[in-house]
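Single-structure report; data block below.
Laboratory data are not the source of any read-out in this text; all were calculated from the coordinates shown. Everything quoted here is computed from the prediction, not taken from an experiment. With ideal geometry, Cβ positions are generated from the backbone for all residues, glycine too; neighbour counts draw on all protein chains shown.
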Amino acid sequence: MHYLDNAATTSVNPQVADIVNATLRQHWANPSSLYAPGFEAEKVIESARKTVSDALGCKSSEVYFTASGTESNNLAIWGAALARKNWGRHIVATGYEHPSVYKPLQMLAAELGFAITFIAPDTSGKVSTQALLDAVTAKTVLVCAMHANNEIGALLDVAALAAAIKAKNNRTAVHVDGVQAFLKTPLRLNTTQIDSYAVSGHKLHAPKGVGALYLRQGYNLTPLLTGGEQEGTMRPGTENTAYIAGFACAVAQLHKAMANNIATVNTLRAYLLGGLQKLEGITLHVPPKTIAGIVNISLPGIRSETMLHFLEQEQVYVSAGSACGKGQPSHTLTAMGLPAQQVQCALRISFDTQNSLEDLTALLTGLQKGIATLARAQTRCR
Ligand code: PLP
């Protein structure tokens, strides 16, 4: 099969699966227990924390394991807002954040009266750093800016943004959703003024259900869960030792190979863009700065789902938007102000080093066939 939906999820790396399996069997003791097997399980978690912190460019003590990117974003947003609600109730965010960011923001507005300023991307998918900065006031408690957008891959210079925000209001917290960017583009968190950064395992060939949140040392955040002492009380609940170990294994491999991986994915991207440009009637949505592995297009008058299922028959798997949007028109392309027809006819193609030129050739051939067949069918329908 030609799996080109890696922004939705990735296959589990077999070595990661082996580590998960071995950890489940060997280190099932409670990592908080005071006897040797518990201590051994704790060592597995601390070693994983070190691996993830090396890849994030921060201290081990600044990494908190969670169960998903969604949980990391919710913790960062609610936690920052609750810790600051007594001096300000204003938040700034980009207009195309993932639902695990914009929905908590909507809830903060509905439940606690926060005012949220969303800064829309332009039609190329770029969000202006200056516009985000201009929206920050003395009462702005938090700015949320995704590092790489999950539908079009647009990259934001989050380090520069955080520095500019702190220069304007050093009380304003900066949260970055790094789920699509982590290990796809270089960033060393300790060289930035970013306060929190969310990542997720299943975008990196680790299992679903494990993620992490970077919290800058000394950063003030109110935990959402209360309970035991795990994760420095920031995220209580007995740790999922096996998935944490698997996550770290995936991170270590991708971190070591990051430069090569980026080069490989760039080669795939160039081949794909070249092929797409030769297809009639395709509109490319390519922001000025992107991660390499996401390409978004609009088809000539063929609805996303129709083409998606046509390609499925060829064993080519892409998506109509984000997987979380399940059938909804693309949140990102809508925020970019693109015409409804382009939004309804959009496809997201996302790939990584597990993909080959053959996968992309299969896609291009499938698209060409699909455009010819489906466009004819649509003409007959009219
Ligand atoms: N943020 C972005 C940008 C994403 O693409 C996703 C997943 O699609 C998430 C957050 C949520 O991550 P998870 O699926 O681990 O909850």
Gyration tensor (alpha-carbon) shape descriptor, region 105-259, a/c threshold 1.5: oblate
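Taking every DSSP beta bridge that has both residues in region 166-246, what percent is antiparallel when rounded to the nearest 5?
Roughly 60 percent of the beta bridges in region 166-246 run antiparallel, per DSSP.
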Can you sort Met336, Met258 from fewest to most other Cβ atoms within 10 Å of each residue's own Cβ? Met258, Met336
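With the Cα gyration tensor of the chain giving a ≥ b ≥ c as the square roots of its eigenvalues, does the rule (a/c under 1.5 for rounded; else a/b larger than b/c for prolate; else oblate) give rounded, prolate or oblate? Write out the running numbers ahead of the final one.
On the way: a/c = 2.08, a/b = 1.32, b/c = 1.58.
Note, shape of the chain comes out oblate.
Over the chain, calculate the relative contact order: mean separation of alpha carbon pairs under 8 Å at least 6 apart, over the residue count, as a percent.
On the way: 756 pairs, mean separation 91.7, N = 382.
Once divided by the residue count of the chain, the mean separation gives 24 percent.
What does the charge count around His147 come to, taking other residues whose C-beta lies under 15 Å from its C-beta (Lys +1, Arg +1, Asp -1, Glu -1)? Before the final figure, lay out the partial values.
On the way: positive: Lys126, Lys184, Arg188, Lys203, Lys289; negative: Glu97, Glu151, Asp157, Asp177, Asp195.
Net charge in that neighbourhood comes out at 0.
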Whole-Å distance, taken between Cα centres, linking region 37-53 and region 277-352: 40
Amide H proximity to Ile119 below 5 Å, modelled H, separation 5+ or other chain, gives Ala93, Thr94, Gly95
Calculate how steeply helix 258-278 sits against the longest principal axis of the alpha-carbon atoms of the chain, using the helix alpha-carbon long axis, and give the answer as 0 to 90 degrees to the nearest 10. 20
Which Cα, out of Leu254, Ala148, Gly38, lies furthest along the positive dipole direction of the chain (beta carbon charges, K/R +1, D/E -1)? Ala148
What is the packing order of peptides 60-71, 264-275, 194-205, taking the mean over residues of other C-beta atoms within 10 Å and listing the highest first? 194-205, 60-71, 264-275
